[in-house]
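Heads up: the structure comes next, in structure tokens.
Every read-out reported here was derived from the displayed coordinates using simple, explicitly stated rules and does not represent laboratory data. This structure is a prediction, so every number in the text was calculated from the model and none was measured. Positions of Cβ are backbone-derived with ideal geometry, glycine not excepted, and every protein chain shown enters the neighbour counts.
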Amino acid sequence: MIKTKAYAAQTARSPLAPYEVLRREPGPDDVQIDILFCGVCHSDLHTARNEWKNTLYPAVPGHEIVGRVVAVGKDVKNFQVGDFAGVGCMVDSCGHCPSCDEGEEQYCDNGFTGTYNGPVFGGENTYGGYSQSVVVKESFVLKIQHDEKDLASVAPLLCAGITTYSPLRHWGAGPGKKVGIVGLGGLGHMGVKLAHAMGAHVVLFTTSPGKVEDGKRLGADEVCISKDDAQMASHASSFDFILNTVAASHNLDAFLNLLKRDGTMTLVGAPAEPHPSPEVFNLIFKRRQLAGSLIGGIRETQEMLDFCAQRGIGSDIEMIPMDYINTAYERMLKSDVKYRFVIDMATLK
Ligand code: NAP
Ligand code: ZN
């Protein structure tokens, strides 16, 4: 076993603190990665604090991992020692259900194994990327084509990038489509960049007036302050698609009203408390749809990484040392991050 320094929460109320985990020695199909950078997703915070009521402790969060390959098993074909590689939210799935067969491992009928908190098949707990190294089977490791100097800004693509790319593709964001992105946080800012790169007309909805200029710089054609009823009313019944990334319970009708006939709003935000039930008549009268979406499959994650590398797209990040993580969580709760914290793993000593 490989001793690995990490940061863990021991209970829902304790701050994250130094901890040591054991990684398995790489098997024939495994890739061992020294972690260089790990993004800080709001799901990390939900998990560390047991907000989804399913956390196994100790909990080592982190599923936006970029690093360097330091060892490969004898059957590994696509990675060599020295390559840069990424790991996202999953490290395994059953591999034989209809969803896995279609490359949608995140919807595995038998439950995918999360990079952290993920012993779906009854195994030991999994520990995520707030750590120095990770061992992952090759089929769940991603290739990184970005320049080395941009690697830190690639890390958030492994969750925030794919979680927004997948639904934007699935619901056809592109030229001629009016697409709304709700919330300018880690997911939302990637949603704005990606929807813009796909050629859609992008409207950002934010509760933060201070983010208007950034929203436009990131690719929004228009920015709407969602607390301003007059601004909201000006967009009534006009959207083909709205991607809602908000991490807290809120009134969905305010956004469902903005969909045109047959439009869809997809929720990717996963708040601890349920949203108030939407008004049924808002859905019925315009055949509107309310949907959900979970990260994305490995094949699509690679497609997203390549799409971003070709266009020079990365995340806007604030680099932090490992021991800043508890402060970072408090700032994330106040929407005070532009727009993703990324841990420099060299600071975990
Ligand atoms: P984040 O960086 O904290 O961003 C969330 C944004 O939501 C904030 O920046 C803020 O944007 C807005 N917001 C926060 N509280 C709000 C409130 N009370 N009312 C209205 N807007 C509010 O979080 P994230 O990392 O992007 O994650 C967002 C959510 O997605 C989390 O719940 C996370 O667990 C979930 N998630 C889901 C998946 C999936 O597969 N479905 C994957 C990853 C993450 P403004 O300041 O612009 O209003
Ligand atoms: Zn995430």
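A few points about this structure:
- In this rough spin-label picture, where each label sits 7 Å from Cα along the Cβ direction, the residue 333-residue 286 distance is 3.6 nm.
- Measuring spread by the Cα atoms of the range 41-81 yields a radius of gyration and Dmax of 15.5, 41 Å.
- Mean-position separation - Cα centroids, the range 283-349 and the range 172-214, in angstrom: 14
- Candidate aspartates and glutamates - alpha carbon under 17 Å from residue 286, same-chain residues fewer than 8 apart omitted: 240, 253, 262
- For the pair residue 217 and residue 248, the difference between a 0.36 nm per residue extended length and the Cα-Cα distance amounts to 8.6 nm.
- Put simply, the Cα atoms of the range 6-71 extend 37, 21, 20 Å along their principal axes, the longest span coming first.
- Note on the range 213-349: semi-axes of the ellipsoid equivalent to its C-alpha gyration tensor, largest first and rounded to whole Å, are 32, 19, 16.
- Counted over the range 124-169 with a bin width of 5 Å, the fraction of Cα pairs per bin, in whole percents, is 5, 14, 21, 27, 21, 9, 3, 0.
- If the segment from residue 1 to residue 238 were pulled out straight at 0.36 nm per residue, it would be longer than the present Cα-Cα gap by 79.7 nm.
- C-alpha center-to-center spacing [the range 110-160, the range 52-96] in angstrom: 4
- Extent along the principal axes, Cα only, for the range 268-324: 46, 33, 20 Å, with the longest axis given first.
- Once the C-beta distance of residue 125 and residue 94 is scaled by a Förster radius of 22 Å, the resulting FRET efficiency is 0.75 to the nearest 0.05.
- Convex hull of alpha carbon positions in the range 1-40: directionally averaged projected area 3.9 nm².
- Highest-MSF residue in the chain out of 11, 163, 126 [GNM, Cα springs under 10 Å]: 11
- Rounded to two decimals, the Cα radius of gyration of the range 145-208 over 2.2 N^0.38 Å is 1.14.
- Longest exposed-site-free window of the chain, the sites being chymotrypsin sites (Phe, Trp or Tyr not before Pro) in a DSSP loop that have at most 12 other C-beta atoms within 10 Å: 122-284
- Distance between the pseudo-spin-label points of residue 148 and residue 81 (7 Å out from Cα toward the beta carbon): 1.7 nm.
- The magnitude of the dipole of the chain, with charges of +1 and -1 set on the Cβ of Lys/Arg and Asp/Glu and taken from the Cα centre, is near 480 debye.
- Among the lysines of the range 67-220, pairs that are 8 or more positions apart or on different chains and have alpha carbons within less than 22 Å of each other number 13.
- Here residue 3 is the anchor, and the aspartates and glutamates within straight C-alpha reach of less than 19 Å, apart from those fewer than 8 places off in the same chain, are 20, 25, 30, 34, 124.
- For the Cα trace of the chain, dividing Rg by the Kirkwood Rh returns an Rg/Rh value of 0.97.
- Computed with the Debye formula from one identical point scatterer per Cα of the range 1-131, without solvent, the log10 of I(q)/I(0) at q = 0.16, 0.17, 0.22 Å⁻¹ comes to -0.86, -0.97, -1.43.
- For residue 239, nonlocal amide neighbours, meaning residues 5 or more places apart or on other chains whose placed amide H falls under 5 Å from its own, are 259, 260.
- At q = 0.23 Å⁻¹, base-10 log of I(q)/I(0) for the range 309-349 (Debye sum, equal scatterers on each alpha carbon): -0.76
- Model label points for residue 311 and residue 347, set 7 angstrom from Cα along the Cα-to-Cβ axis, are 3.0 nm apart.
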